[in-house]
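K.L.:
Submitted below is the structure of interest, expressed as structure tokens.
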Amino acid sequence: MQKEVHQMMIQQMKARLGPGHEELAAKLIPQWPPGCRRLTPGDQYLESLVKDNVKPVFDEIAEIDKTAVVTTDGTRHEVDVLVCATGFDVSFVPSFEIVGRNATQIADAWKDLPDAYLGLSAPNFPNYFMVCGPQGTLGNGSILPSVEVTCDYITSFLLKMQMERIASVEVKHEVTNEFQEHMHKFHQKTIDTSSWT
């Protein structure tokens with residue numbers, strides 16, 4: 001079924017670009033399967049790229065000055081406005097310092113791969129809870145139910161700690177290792193993505 005959905009989305013995008021734009025379609029239409037990332041851009045996005053006053057440029061940028069963008073092929077593209085869509089950070093490393101057990105810095109601990117359990121907690125970081133952390137519960141769809149369930153879980157856990165006078169809690173490395181092993185085995189049977197599995 002996934003292949004059929006992928007083909008349907010490709011045909012839809014080609015139709016939205018219209019005939020005579022095959023080169024543009026080849027550059028824009030993704031080859032990854034549905035569910036990895038959004039396949040069909042929002043309303044009027046593709047249609048806007050084929051308007052007479054729009055020129056899509058795919059060359060790398062060599063330089064930006066006050067009035068133009070110069071691409072690596074030497075072409076100078078005069079612009080009124082430059083919108084930078086540079087992507088986003090998928091490392092999950094917080095922009096602020098977090099220090100855990102034995103002076104472990106989370107930025108150092110997670111520089112290669114975040115070590116977390118269900119996007120909720122991490123070994124060596126007692127009493128550290130996350131919402132939407134690495135290896136979390138959301139793959140696609142609305143994030144709100146996941147946030148609500150996670151917040152409810154954290155709240156109930158904190159209440160348990162308070163009522164039972166538990167001073168510190170953290171997930172064990174063995175648990176996160178088992179979870180990551182399970183996750184990697186599971187993902188071998190699913191669609192492939194490059195940044196968030």
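The values are calculated or read from the model by the stated rules, or taken from the named source; none is laboratory data. All values reported here derive from a predicted model rather than from experimental measurement. Please note: Cβ atoms are built from the backbone with ideal geometry, for glycine as well, and neighbour counts cover all protein chains shown.
K.L.:
Check A107 against each of (1) modelled with pLDDT of 90 or more; (2) in a loop (DSSP other than H, G, I, E, B) and name the one condition it does not meet.
P.N.:
In the conditions (1) modelled with pLDDT of 90 or more; (2) in a loop (DSSP other than H, G, I, E, B), A107 misses (2) alone.
K.L.:
Could you grab the pairs with beta carbons closer than 6 Å, sequence gap of 6+ or different chains, first residue in the stretch 149-170 and free of Cβ contacts under 8 Å to residues at least 60 places away in the same chain and within 11 Å of F129 (Cβ to Cβ), second one surrounded by 12 or more Cβ atoms within 10 Å (Cβ to Cβ) and not acidic (D, E)?
P.N.:
These pairs meet every condition: T150/V131; I154/F129.
K.L.:
Something else: Among G136, G141, G119, which is the only one that is under 15 Å from the mean Cα position of the chain (by Cα) and modelled with pLDDT of 90 or more?
P.N.:
Testing whether each residue is under 15 Å from the mean Cα position of the chain (by Cα) and modelled with pLDDT of 90 or more leaves just G119.
K.L.:
On the given criteria, is V69 modelled with pLDDT of 85 or more and farther than 24 Å from K172 by Cβ?
P.N.:
yes
K.L.:
In the stretch 60-75, which residue that is touching a strand residue (DSSP E or B) at 6+ places or on another chain (Cβ under 6 Å) and of a type outside the set (V, I, T) is surrounded by the fewest Cβ atoms within 10 Å (Cβ to Cβ)?
P.N.:
Result: E63.
K.L.:
Do you know which of the residues in the stretch 83-104 that are in contact (Cβ under 8 Å) with a residue 24 or more places away in the chain and not in a helix (DSSP H, G or I) is surrounded by the fewest Cβ atoms within 10 Å (Cβ to Cβ)?
P.N.:
Within the stretch 83-104, the match that is surrounded by the fewest Cβ atoms within 10 Å (Cβ to Cβ) is V90.
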